[in-house]
1. Determine which single condition Val335 fails, assuming it passes every other condition in (1) among the aliphatic types (A, V, I, L, M); (2) open to solvent by 70 Å² or more (accessible area, probe 1.4 Å); (3) in contact with a strand residue (DSSP E or B) (Cβ under 7 Å, 6 or more places away or on another chain).
2. Anything in region 317-335 that is among the polar types (S, T, N, Q) and assigned to a helix (DSSP H, G or I)? List them, or say none.
3. Among the numbered criteria (1) at pLDDT below 70; (2) under 15 Å from Ser174 (Cβ atoms), which one does Lys9 miss?
4. How many residues does region 237-253 hold that are over 30 Å from Val334 (Cα atoms), buried (at least 19 other Cβ atoms within 10 Å of the Cβ) and modelled with pLDDT under 80?
5. Taking the residues in region 254-290 that are within 16 Å of Asp321 (Cα to Cα) and of a type in the set (Gly, Ala, Ser) as candidates, determine which candidate is least open to solvent (accessible area, probe 1.4 Å).
6. Report the residue count in region 316-328 for those that are within 31 Å of the chain's Cα centre (by Cα) and either modelled with pLDDT under 90 or surrounded by 10 or more Cβ atoms within 10 Å (Cβ to Cβ) (or both).
7. Taking the residues in region 114-133 that are hydrophobic (A, V, I, L, M, F, W, C) and closer than 17 Å to Thr175 by Cβ as candidates, determine which candidate is surrounded by the most Cβ atoms within 10 Å (Cβ to Cβ).
Amino acid sequence: MEQIRKFYKAFIEFFYDHPKFRITIEYLFTFIGAFLSAFLFAFGYKALVDPIIEGKEIGVIVTGGLSGISQIVVKIFEIFGFPVDQLSPFGDYWIYIIQSVSYFLLNVPIFLLAFKKVGKKFGFFTIVNVGFYFLIVNLLPRSITNMFYTNSMISFENDLLARALFAGICTGVSTSIAFKFDHSAGGIDVVSVYLNGKKADLSIGRITMILNAIIILTYTVLSITNDGGDLSSTTMALYSIVYFFTSSTIIDVFSSRDKKKQLQIITENENLSDIIIDSFPHSCTIIDGKGAYSKKQKYVLYTVISIYEVKRAIKIINEVDPKAFITITNVNQVVGKFFIKPRK
């Protein structure tokens, strides 16, 4: 175990002493993360959200986001008498072509927003992610995406709840992977990240849920119109809500940038507050105290930090004052200035 620890420490030191190598490795892993994110989203879409079995759609779950707007584009085609599955010799594959092309084109202004308002690296890898999705959703073979409907032991054809939950998990994990590697899956995710940066008390998952609610309402109204007033499409709208709730919950669980912790530190070291300020982009508040048992003067420090900074904070505090008493509590909301590292 000690040898492993030494090797890890030597690797980290080498990693940070060679910036070009570090950047190359970071970009390599980000490319891999973009591919995994795009694959999960494309698989969930083609296998669970809008599956086509033997040339027939078996019930569309509205995905929300720009892919949901792409579904709306397809629905508008149908309302005006142009069913997309009959527009081309590609047959039902044409549905995915129309949706993926619409999805890519709708992302163009989103890419500009990502580059200018979020970060260049964020915007570049968002384009990479969407590009991977465009390729995967059109090339992924039916033998893989239809495995939930052709298997006699597992069949989701008549189990819409299972489809909605599983699709929500795929989308939520896909988005979380993209965020983990400091980019997005495009579309509403970029808008949510931008709005979250402007108004940090609104989580990304909550913003996504609000925007998607508008999209699902629009799609449901168009479906009712296309079906001549048939309200059966409202059933799929309810399952779409399950899909949204599942994906948004997973995003909020895994999105560590939005999570904050409050540290209350009781110490006798009067210099600890200066060390905390020097080590983190956050300040702290000092309250004079007195030990009830020892009767010695104490300093009670309050500070709020991001969840990914907690481990490092505890290590620094213990190095400065091994006898410090620390309590850590969750913070639901911060009103005021709180520094969050900008995306690259």
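1. (3)
2. Asn318
3. That leaves (2) as the condition not met.
4. Number of matching residues: 0.
5. Restricting to residues being within 16 Å of Asp321 (Cα to Cα) and of a type in the set (Gly, Ala, Ser), the top hit is Ser273.
6. Total satisfying the criteria: 2.
7. Ala114
Let's see how each residue does on (1) in a helix (DSSP H, G or I); (2) at positive phi; (3) in contact (Cβ under 8 Å) with a residue 24 or more places away in the chain; (4) of a type in the set (A, V, I, L, M, F, W, C):
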site	(1), (2), (3), (4)
Ser223	yes, no, yes, no
Ala237	yes, no, yes, yes
Thr246	yes, no, yes, no
Ile275	yes, no, yes, yes
His282	no, no, yes, no
Ile286	no, no, no, yes
Tyr299	no, no, yes, no
Lys315	yes, no, no, no
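The values are calculated or read from the model by the stated rules, or taken from the named source; none is laboratory data. Computed from a predicted structure; not experimentally measured. Because the Cβ atoms are built from the backbone with ideal geometry, glycine has one as well, and the counts that use them run over all protein chains shown. Note: areas computed on protein heavy atoms with side chains; ligands, DNA, RNA excluded. Shrake-Rupley method; radii C 1.70, N 1.55, O 1.52, S 1.80 Å.
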